[in-house]
Amino acid sequence: MNKKLYNINDCKVIELGKYYRPNGNLTAVEGANNQIGFDIKRVYYIYDVPATSDRGGHAHKELMQLIVAVSGSFDVLVDDGKKFKTITLNRPNLGLLLPPGIWREIKNFSSGAVTLVLASAPYDEGDYVRSYAKFMDYRESIK
Ligand code: T46
């Protein structure tokens, strides 16, 4: 298959602009031709996660995402089938760029954590790889 095989070094934390004002701060994110590199087609957010619960546990075939801890903190484990690393998100002006073909698990949610996700495509269950064995097969298939 003729697809880019991303690895964990492509999972980058970027600093988003922050407008400081005496009455509070504001961060804005726009789509293509800026720092996130894709048009935003969907926004969703995850909240009220019990402290003992994890999210994720899958990879995407095509989807690009930017993950932001708009409130509280959590850890994102990213895994390319050979190496993994854990990134802590804890500031609303930091975003983790997650390319396709990367297994992710989100853990250690603080109380009140809100995970904001900007995505490059509408929801499509067919884009998910939801078992780790299938994820490894998928990585092999796109080499
Ligand atoms: C990801 C991590 C960070 C929808 O109907 N539309 C949507 O846009 C999404 C994201 C989910 N759903 C439904 C599908 C499931 O029935 O919501 C339910 C929970 O989804 P899921 O178990 O995939 O949630 P997470 O938190 O494990 O994963 C989500 C995203 O699905 C995934 O793309 O990268 O957040």
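The values are calculated or read from the model by the stated rules, or taken from the named source; none is laboratory data. Being a predicted model, the structure only gives us computed values, none of them experimental. Positions of Cβ are backbone-derived with ideal geometry, glycine not excepted, and every protein chain shown enters the neighbour counts.
Worth a mention:
- Per-region count, the range 21-46, residues at pLDDT 95 or above and exposed (fewer than 13 other Cβ atoms within 10 Å of the Cβ): 9
- In the set (1) within 15 Å of the ligand (Cβ to nearest atom); (2) out of contact with any Lys or Arg (no Cβ under 6 Å at 6 or more places or on another chain), the condition left unmet by residue 7 is number (1).
- Output for the range 47-60, where each listed residue is more than 20 Å from residue 129 (Cα to Cα) and surrounded by 15 or more Cβ atoms within 10 Å (Cβ to Cβ): 49
- Residue that is nearest to the chain's Cα centre (by Cα), among those in the range 20-43 that are assigned to a strand (DSSP E or B) and free of Cβ contacts under 8 Å to residues at least 40 places away in the same chain: 26
- Options 83, 134: the member that is surrounded by fewer than 18 Cβ atoms within 10 Å (Cβ to Cβ) and closer than 13 Å to residue 11 by Cβ: 83
- Here residue 90 passes the criteria (1) more than 13 Å from the chain's Cα centre (by Cα); (2) more than 10 Å from the ligand (Cβ to nearest atom); (3) over 24 Å from residue 24 (Cα atoms); (4) not acidic (Asp, Glu) except the one numbered (3).
- Residue match in the range 49-57 (condition: within 16 Å of the ligand (Cβ to nearest atom), under 17 Å from residue 115 (Cα atoms), β-branched (Val, Ile, Thr) and under 14 Å from the mean Cα position of the chain (by Cα)): no
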